[in-house]
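Novice: I'd like to ask some things about the structure below.
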Amino acid sequence: MEQKEAKKRVYSGIQPSGMLTLGNYIGAVRNWDSMQDEYDCIYCVVDQHAITVRQDAATLRRRTMETYALLLAAGIDPKRSILYVQSHVPAHAMLTWVLNCFTYVGELSRMTQFKDKSEKHADNINAGLLDYPVLMVSDILLYRSDLVPIGADQKQHLELTRDVAARFNNLFGDTFVVPEPYIGKVGARIMSLQEPEKKMSKSDENVNAFIAMLDEPDVIRRKMRRAVTDSEGTVRVAPEKPGISNLIGIYAALTGLATEAVEKEFEGKGYGVFKDAVADVVVDALAPIQARYKEFLADKKALEAMMDDGARAAEAIANRTLSKVYRKVGFVERKRH
Ligand code: ATP
Ligand code: LTN
């Protein structure tokens with residue numbers, strides 16, 4: 001217990017906006033798993049973030065359960081870490097309101113993700129989409145998080161988190177911990193298999209663009225074979241070869257090899273051989289997770305119980321921070337009689 005208090009706190013979240021991809025796994029979830037011994041970890045399925053783009057209610061509910069089960073299968077262990085669903089803990093939305101009043105519209109409209117998603121969903125540029133980063137800031141600050149493992153695409157949101165935390169601390173005295181991003185060196189940005197200048201995204205409408213963590217081996221092999229490459233024919237990393245560079249990155253991330261070693265291993269071999277080898281390491285990495293996933297998903301009652309335990313543990317921490325914030329900004333405390 002004493003040792004536990006001394007551990008740094010890690011916090012991260014993932015949206016149930018589709019089936020998790022190989023990008024999510026290599027860029028985020030794999031790191032979440034490996035951090036559990038050294039850190040005090042809290043992980044969240046962020047369903048409230050997901051509704052910033054239109055979701056079908058039944059599908060969102062199903063995907064939230066599935067994402068939770070998949071995280072368990074990927075090694076997130078409720079005995080060592082807290083795993084919960086964002087909408088189960090009201091403090092997130094409550095802190096977001098307060099922090100909205102300490103975040104500038106200019107800061108939010110500059111966010112790359114906001115600009116990308118506004119373009120992609122031009123018919124639904126809702127206030128939640130603009131405000132998305134403030135909800136993420138609240139997630140992180142509620143838990144006094146020290147370290148936030150994320151993919152490279154979320155770095156800007158982490159910088160905003162630091163700015164808002166520091167701004168609030170300056171105005172009201174020490175309240176929030178100013179967190180650091182943790183971005184893995186390899187695989188921080190896995191690219192689309194079809195348009196390798198874009199990141200692999202679980203909400204891509206072209207299913208050949210991503211590998212889902214639950215894709216069957218033959219589907220993985222087929223998607224790999226269809227991956228966009230170039231006409232040069234040599235397995236090497238180069239800016240003008242984004243497709244092959246991405247596949248080298250995936251292979252390196254999953255085998256632990258340096259990219260130079262991967263280039264060497266496939267010297268003089270064609271893209272066909274290389275693609276099959278990449279598919280093999282992906283299949284091997286995902287197979288045990290897929291097997292465990294089926295077991296977790298089969299017992300809905302047990303999943304719901306784990307969600308409830310996670311929400312209770314999270315709530316206890318979050319409510320303490322929220323009370324402190326309410327006091328600092330001048331809300332009258334409700335005295336129950
Ligand atoms: P969406 O497509 O719905 O926007 P997403 O696939 O980008 O979703 P998120 O739930 O937003 O996934 O991200 C979860 C985590 O996975 C984040 O830490 C994010 O940085 C990381 N991540 C997402 N895509 C990639 C990728 N292609 N490469 C590396 N990391 C990624
Ligand atoms: N915005 C993130 C998901 C996310 C998150 C968080 C990550 C929501 N809240 C808190 C880290 C910490 C994304 O789109 N990947």
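Novice: Only one residue in Gln113, Gln154 is surrounded by fewer than 17 Cβ atoms within 10 Å (Cβ to Cβ), free of Cβ contacts under 8 Å to residues at least 60 places away in the same chain, under 25 Å from Leu20 (Cβ atoms) and near ligand 2 (Cβ under 10 Å from one of its atoms), so which one is that?
Specialist: It is Gln113.
Novice: Starting from the stretch 195-210, take each residue that is within 17 Å of Gln154 (Cβ to Cβ) and list its partners that are near ligand 1 (Cβ under 6 Å from one of its atoms) and among the basic types (Lys, Arg), counting only C-beta distances under 9 angstrom and pairs at least six apart or across chains.
Specialist: Sorted first by the residue in the stretch 195-210, then by its partner, the pairs are Lys199/Arg189; Met200/Arg189.
Novice: Tell me, yes or no, whether the stretch 139-149 has at least one residue that is within 11 Å of ligand 1 (Cβ to nearest atom) and in a helix (DSSP H, G or I).
Specialist: If we filter the stretch 139-149 for residues that are within 11 Å of ligand 1 (Cβ to nearest atom), which is where we start, we get 148-149.
After this cut, where a residue has to be in a helix (DSSP H, G or I) as well, the list is none.
No.
Novice: Here is a follow-up. Being touching a Leu at 6+ places or on another chain (Cβ under 8 Å), surrounded by fewer than 18 Cβ atoms within 10 Å (Cβ to Cβ) and over 21 Å from Ala212 (Cβ atoms) is true for just one of Glu265, Glu260. Which residue is that?
Specialist: Values: Glu260 fails: touching a Leu at 6+ places or on another chain (Cβ under 8 Å).
Testing whether each residue is touching a Leu at 6+ places or on another chain (Cβ under 8 Å), surrounded by fewer than 18 Cβ atoms within 10 Å (Cβ to Cβ) and over 21 Å from Ala212 (Cβ atoms) leaves just Glu265.
Novice: Could you check the stretch 197-235 and list, in sequence order, the residues that are touching a Pro at 6+ places or on another chain (Cβ under 9 Å) and exposed (fewer than 14 other Cβ atoms within 10 Å of the Cβ)?
Specialist: Restricting attention to the stretch 197-235, the residues satisfying the condition of being touching a Pro at 6+ places or on another chain (Cβ under 9 Å) are 197, 227-230.
Across the stretch 197-235, the qualifying residue is only Glu197.
Novice: Also: Output the residue which, of all residues in the stretch 296-337 that are more than 23 Å from the chain's Cα centre (by Cα) and of a type in the set (Asp, Glu), is nearest to Phe168 (Cα to Cα).
Specialist: So the residue we want is Glu333.
Novice: Same structure again: If I filter the stretch 1-29 down to residues being in a helix (DSSP H, G or I) and near ligand 1 (Cβ under 10 Å from one of its atoms), which single residue comes out as farthest from Leu141 (Cα to Cα)? It would help to see each step written out before you state the result.
Specialist: Of all residues in the stretch 1-29, those in a helix (DSSP H, G or I) come to 2-6, 22-29.
Subsequent filtering for residues that are near ligand 1 (Cβ under 10 Å from one of its atoms) retains 22-29.
Details: Leu22: 28, Gly23: 25, Asn24: 23, Tyr25: 24, Ile26: 25, Gly27: 22, Ala28: 19, Val29: 20 Å.
The selected residue is Leu22.
Novice: I would also like to ask the following. Output the residues belonging to the stretch 40-65 that are more than 17 Å from the chain's Cα centre (by Cα) and within 14 Å of ligand 2 (Cβ to nearest atom).
Specialist: Applying the first criterion (more than 17 Å from the chain's Cα centre (by Cα)) to the stretch 40-65 yields 40, 54-59, 61-62.
Correct list: empty.
Novice: Here's another thing I want to ask about it. Test Tyr68 against the criterion of being more than 12 Å from the chain's Cα centre (by Cα), buried (at least 22 other Cβ atoms within 10 Å of the Cβ), within 14 Å of ligand 1 (Cβ to nearest atom) and in a helix (DSSP H, G or I), and give yes or no. Working first, answer last.
Specialist: Values: more than 12 Å from the chain's Cα centre (by Cα): yes; buried (at least 22 other Cβ atoms within 10 Å of the Cβ): yes; within 14 Å of ligand 1 (Cβ to nearest atom): yes; in a helix (DSSP H, G or I): yes.
Answer is yes for this residue.
Novice: Also, I was wondering about something else. Go through (1) free of Cβ contacts under 8 Å to residues at least 24 places away in the same chain; (2) closer than 18 Å to Asn31 by Cα; (3) not hydroxyl-bearing (Ser, Thr, Tyr) one by one and return the number of the condition Asp56 breaks.
Specialist: Among (1) free of Cβ contacts under 8 Å to residues at least 24 places away in the same chain; (2) closer than 18 Å to Asn31 by Cα; (3) not hydroxyl-bearing (Ser, Thr, Tyr), Asp56 violates only (2).
Taken together, the values in this text are just the output of simple stated rules run on the coordinates, not laboratory data. All figures in this text were calculated on a predicted structure; none of them were measured in a lab. All Cβ positions, even for glycine, are placed from backbone atoms using ideal geometry, and neighbour counts span all protein chains on display.
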